[in-house]
Amino acid sequence: MKRLSGDARILLWVAVAVMIVIVVGAFLAPAREDSDSTPSTYNSGTHGAKAAWLLLSGLGYRTDRWERPAKELSGLDAAHTTLILADAYPLDLLKEKVGIGDFLDRGGRVLATGAVSTSMLPEANIAAPNHIYSELCYTTPEGLSAMARAGRVGMPVPIRWKPDGVRLHVDQNCGDDAVVVHYASGKGEVVWWSSSAPLSNRGLKEDASLKLFLASIGGHDRTILFDEYIHGARPDLWATVTGTPVRALEWQLAAVAVLLIVSFGRRSGPLRALVRTPRTSPLEFAESMGDLYRKAGAVNVATGCAERRLMQFLEHEGGIPRETLRSSPETIAQAVADRFRYDSPDFVDDLKAAQQAEFTKYSARSGLKLVTRIDGHISRLAELMRHSQQVQKMERLRE
């Protein structure tokens, strides 16, 4: 059996340690806080609606969770369906309102609670309560409807319904504030509560709350839909991330994936050693010296070297006396003209410029041009000397 390498053993021990921490934490971690205020059928906390979901199933009602947009309610038998909108999250209310309005026009029944859910109802007319309620308000039944016969219900009053409509029926009041109402909309009916507390896991323990809930949803011949779409539930994982930063990260994740692929492909390809110039290369020496002169700004050194090359050429190759070469640029130019018949108009100016380079700070570009001109003079003088020597050879051969 092949033994594991040292790195593999370390990774295995780390994985085992992580699993132990997870298992121990799962059994010994303290219970989570009951801080989820969403009246969802998935929430088993105080404010959740899981008890209502299980209760209706136990009583023989047909129940289901609705996790799709309201526009898809068009495929249901609205006349035998009740949709529960319990304290929705803020979302695209306009699209939801259109779908719910169509559902009501076809005979559907809607139980809505809270301010956000109310904004999805047709003819919504809510306002702030007339009084500040620091505790639960025990309602006063109004009329003879099934919701009124449920008795006094304890609920908070964050909002109230303004009873201005002719078709509106007030079922429960908290003082002067209407907190349970119902009214016709199209062929259907809307039942509205100020709060979802009566259908919560805690609220259903009260007999009056249970009676109000059962009276609001309708008879046993109806299918009860708990709308979880308004609580953020989606039919699949991809739809769940809609509207979250995950969708905004798609292109970034794609770019990272491309970089990983390119990096892996580059590392897996053939390797080729870089071409290195030998340390003994004359070109490297020249480049190094050039870098040193450039960093030091020593343009006069280069021009001085060019001047010395010219003087050495004139002395050793041209035979011009050293005393003459120590004279003025005009004297040197006259001697060169007499000996080589070289009458370049720039020769005198270039000699002057080379002698003044030690005292004048030339730019790198100007210094390069001066060195190039001096080297050009040397090349032309050398060509004149070769031509003169060839002429002399031809004359000797003729003699």
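The values are calculated or read from the model by the stated rules, or taken from the named source; none is laboratory data. All values derive from a computational prediction rather than experimental measurement. Glycine gets a Cβ as well: all are built from the backbone with ideal geometry, and neighbour counts include every protein chain shown.
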Could you grab the pairs with beta carbons closer than 6 Å, sequence gap of 6+ or different chains, first residue in region 95-114 and of a type in the set (D, E, K, R), second one buried (at least 20 other Cβ atoms within 10 Å of the Cβ)? GLU96/ALA70; GLU96/MET120; LYS97/MET120; ARG106/ALA78; ARG109/THR82; ARG109/GLY188
Might you let me know whether region 74-93 holds any residue that is over 24 Å from GLY186 (Cα atoms), modelled with pLDDT of 85 or more and not in a helix (DSSP H, G or I)? no
Restricting the search to region 330-359, which residues are in a loop (DSSP other than H, G, I, E, B), touching a residue at least 12 places away in the same chain (Cβ under 8 Å) and loosely packed, with under 14 Cβ neighbours inside 10 Å? ARG341, ASP346, GLU358
For the structure I just gave you, tell me whether GLY175 is surrounded by fewer than 22 Cβ atoms within 10 Å (Cβ to Cβ) and closer than 20 Å to SER145 by Cα. yes
Just checking, which of ALA150, ALA146, ALA52, ALA112 is touching a strand residue (DSSP E or B) at 6+ places or on another chain (Cβ under 7 Å) and on the phi < 0 side of the Ramachandran plot? ALA112
With the first residue restricted to region 57-79 and required to be closer than 14 Å to ASP227 by Cα and in contact (Cβ under 8 Å) with a residue 12 or more places away in the chain, and the second required to be of a type in the set (Gly, Ala, Ser) and in a loop (DSSP other than H, G, I, E, B), Cβ contacts under 6 Å at 6 or more apart or on different chains are GLU67/ALA233
Need at least 2 residues that are among the aliphatic types (A, V, I, L, M), at pLDDT 90 or above and within 19 Å of LEU104 (Cα to Cα) per element, so show me which strands (runs of 3 or more DSSP E) inside region 128-239 make the cut, counting only ones lying wholly within it. 177-185, 188-193, 223-227
Mind checking which residues of region 112-127 are within 20 Å of ASP102 (Cβ to Cβ) and either among the aromatic types (Phe, Trp, Tyr) or in a loop (DSSP other than H, G, I, E, B) (or both)? SER119, MET120, LEU121, PRO122, GLU123, ALA124
Somewhere in region 121-134, is a residue crowded, with 23+ Cβ neighbours inside 10 Å and under 22 Å from ALA52 (Cβ atoms)? no
Counting only residues that are of a type in the set (S, T, N, Q) and under 60 Å from the mean Cα position of the chain (by Cα), which one in region 354-399 is nearest to PHE340 (Cα to Cα)? THR372
GLY60 passes all but one of the listed conditions (1) modelled with pLDDT of 90 or more; (2) part of a loop (DSSP other than H, G, I, E, B); (3) touching a helix residue (DSSP H, G or I) at 6+ places or on another chain (Cβ under 8 Å); the exception is number (3)
Residue check: is ARG380 assigned by TED's automatic domain parsing to the domain that holds GLN334 and under 20 Å from GLY318 (Cβ atoms)? yes
Within region 290-304, considering residues that are without any contact (Cβ under 8 Å) to a residue 24 or more places away in the chain and of a type outside the set (Gly, Ala, Ser), the one nearest to LEU381 (Cα to Cα): VAL301
What number of residues within region 314-329 satisfy the criterion of being assigned to a helix (DSSP H, G or I), of a type outside the set (D, E, K, R) and without any contact (Cβ under 8 Å) to a residue 60 or more places away in the chain? 4
Counting only residues in region 6-54 that are within 15 Å of ILE84 (Cα to Cα) and in contact with a helix residue (DSSP H, G or I) (Cβ under 8 Å, 6 or more places away or on another chain), the one modelled with the lowest pLDDT is identified as THR38
